[in-house]
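Just below is one structure, and these are the notes that go with it.
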Amino acid sequence: MSMTPDDIDRALSARLATGVDPIVPGQAAADRIMRTVAERAAGGRRARGFAGGSGAGLRAALLAAVVALLVGGVLGVSVVALHDRSTGGNPRQGGQVPPPVATQTPTPTASPPATPSPAATPTLATAVPPCDGATLTARLADQRGAAGTDGADIVLHNAGTIACTMEGYTNVQALSNGHAVQLGVTHSIGGTVLNNNNGTLPVTALVAVQPGADAYVAFEYSSVNSGPTQCPSYTALLITPPQGQHSVTVPAPNSLILCGGYGASIWLDEAPVSTTAYFAS
Amino acid sequence: MWTTDTRQPAPPAAVPGGGDRGSDLSFEAELRPLIIPALRLAAAMRLDRQDAEDAVQEAALRAWRRQDNRREGTDLRPWFLAIVANQCRETRRSRWASVLRSADPPHPPVPGADPIAALDVTAALRRLPETIRLAVVLRYYLDLPFEEVASVSGCSLDAAKSRVRRGVQSLGAALRLHEALP
């Protein structure tokens with residue numbers, strides 16, 4: 001039987017997928033990389049424009065740790081390791097505190113190593129499994145808006161039977177006409193609601209969520225159409241926990257209309273997983 | 001939308017010392033959907049999951065630092081994938097990194113994957129010269145048009161087609177593609 005070039009092409013594509021797909025890093029790796037880029041970008045901006053900001057961030061982190069530890073037992077949620085992720089630390093380091101960023105450096109320098117450090121001591125991150133979307137339920141809460149920027153908390157409820165952990169930022173997709181669309185989420189100091197224009201990123205912490213307990217992430221976005229085309233509307237968000245493999249659906253009964261801002265096609269800024277709600281009054 | 005307030009969000013303030021928040025955020029948004037294709041490219045070039053992630057992370061940071069060098073109107077994908085390809089060439093794992101890797105847990109098996117067939121493919125890829133491997137991977141694994149294969153590879157269109165042709169011949173023989181077809 002004679003074969004066409006198309007047959008050969010198809011066979012080669014299939015064989016390459018067979019051989020390479022198993023070693024392609026997954027979405028969690030992509031999230032880690034984007035987090036590093038976002039943190040580097042934020043760190044570079046802060047180094048240039050907000051000298052001393054990391055000190056303030058560390059103080060805020062320590063205060064948040066004390067508060068969270070005091071109330072965590074009651075809520076069934078605890079902060080175990082706490083560090084400022086804006087310095088570019090790798091999440092696989094499992095709670096190690098990265099060195100402080102040099103605030104006088106005008107531009108980002110060497111990249112952080114992408115390999116884990118040889119820490120031998122088991123941490124909560126290794127002892128307790130990461131939360132996955134399959135064992136979480138999620139809902140929107142505390143919706144609010146101001147000056148064309150809207151925001152809300154997302155309550156992540158551990159519906160499983162064992163505790164699990166989350167650390168860092170979730171991946172965010174949106175559902176449009178039944179199709180999942182990857183959103184270009186930022187983790188920036190530019191969020192007018194989340195970050196209160198104070199030039200500091202929300203603190204990232206390793207959060208353990210007991211069965212039946214809640215953790216929170218929050219996001220804000222532009223709701224003002226500033227371009228020639230209509231802003232897209234979405235019926236739900238799909239949230240994948242930072243170290244999880246599956247997403248959990250967050251229904252948006254009134255639809256989310258996400259618009260651009262700051263030069264992006266859609267601008268949506270996200271805050272990391274936290275023990276407490278961001279927008280609750 | 002939960003508000004009827006129609007005022008515009010505040011425009012990004014220029015950051016003293018260079019670089020503005022707006023361009024950074026825009027760049028991040030543009031870069032994000034390219035990370036998975038970049039990881040696929042790096043995995044096929046390095047043939048190691050951890051190497052691939054390292055290479056793409058370094059390439060992403062490099063791209064962010066060099067974003068001002070990108071000519072206006074240039075498509076980000078070939079520009080960024082070219083940086084990834086260069087990074088894959090340059091990545092040389094240190095002895096310390098290899099020690100660390102030996103302590104890593106093994107990767108879980110992929111359900112439904114045929115480990116023997118996968119080994120055949122990675123061995124065949126390993127035998128290809130780097131430029132040929134890059135062209136084949138871009139064309140047949142990332143499904144890019146020849147124009148983009150040429151752009152990422154930094155060669156002419158004719159050279160890209162020639163490299164792909166040579167790669168197909170080599171892989172076709174190594175993997176006995178003719179026999180595999182019905």
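The values are calculated or read from the model by the stated rules, or taken from the named source; none is laboratory data. The shown structure was predicted, so the numbers you read here are calculated from the model rather than taken from an experiment. Cβ coordinates were reconstructed from backbone atoms using ideal geometry, including for glycine residues, and neighbour counts include every protein chain displayed.
Give just the number: which of (1) under 19 Å from the mean Cα position of the chain (by Cα); (2) at pLDDT 75 or above does residue A:10 not satisfy?
(1)
I need a count of the residues in the stretch B:32-74 that are more than 7 Å from chain A (Cβ to nearest Cβ) and either at negative phi or in contact (Cβ under 8 Å) with a residue 40 or more places away in the chain (or both). Please lay out each step first, then the result.
At the first step, the residues of the stretch B:32-74 found to be more than 7 Å from chain A (Cβ to nearest Cβ) are B:34, B:37-38, B:41-42, B:45-46, B:51, B:55, B:59, B:62-63, B:66-74.
Restricting the remaining residues to those that are either at negative phi or in contact (Cβ under 8 Å) with a residue 40 or more places away in the chain (or both) gives B:34, B:37-38, B:41-42, B:45-46, B:51, B:55, B:59, B:62-63, B:66-72, B:74.
The number of residues fulfilling the criteria is 20.
Answer yes or no as to whether residue A:111 is touching a strand residue (DSSP E or B) at 6+ places or on another chain (Cβ under 7 Å), modelled with pLDDT under 70 and within 18 Å of residue B:61 (Cβ to Cβ).
Details: touching a strand residue (DSSP E or B) at 6+ places or on another chain (Cβ under 7 Å): no; modelled with pLDDT under 70: yes; within 18 Å of residue B:61 (Cβ to Cβ): yes.
Criteria not met by residue A:111.
Within the stretch A:22-38, how many residues are over 12 Å from the mean Cα position of the chain (by Cα) and within 7 Å of chain B (Cβ to nearest Cβ)?
The qualifying residues number 6.
Is at least one residue of the stretch B:106-125 assigned to a loop (DSSP other than H, G, I, E, B), under 23 Å from residue B:174 (Cα atoms) and modelled with pLDDT of 70 or more?
Checked against the condition, which is being assigned to a loop (DSSP other than H, G, I, E, B), under 23 Å from residue B:174 (Cα atoms) and modelled with pLDDT of 70 or more, the stretch B:106-125 yields no hits at all.
Could you tell me which numbered condition residue A:228 fails, if it satisfies all but one of (1) modelled with pLDDT under 65; (2) buried (at least 23 other Cβ atoms within 10 Å of the Cβ); (3) not basic (Lys, Arg)?
Condition not satisfied by residue A:228: (2).
Search the stretch A:239-281 for residues being touching a helix residue (DSSP H, G or I) at 6+ places or on another chain (Cβ under 8 Å) and within 14 Å of residue B:26 (Cβ to Cβ), and hand back the single one that is modelled with the highest pLDDT.
Ranking the qualifying residues of the stretch A:239-281, first place goes to A:267.
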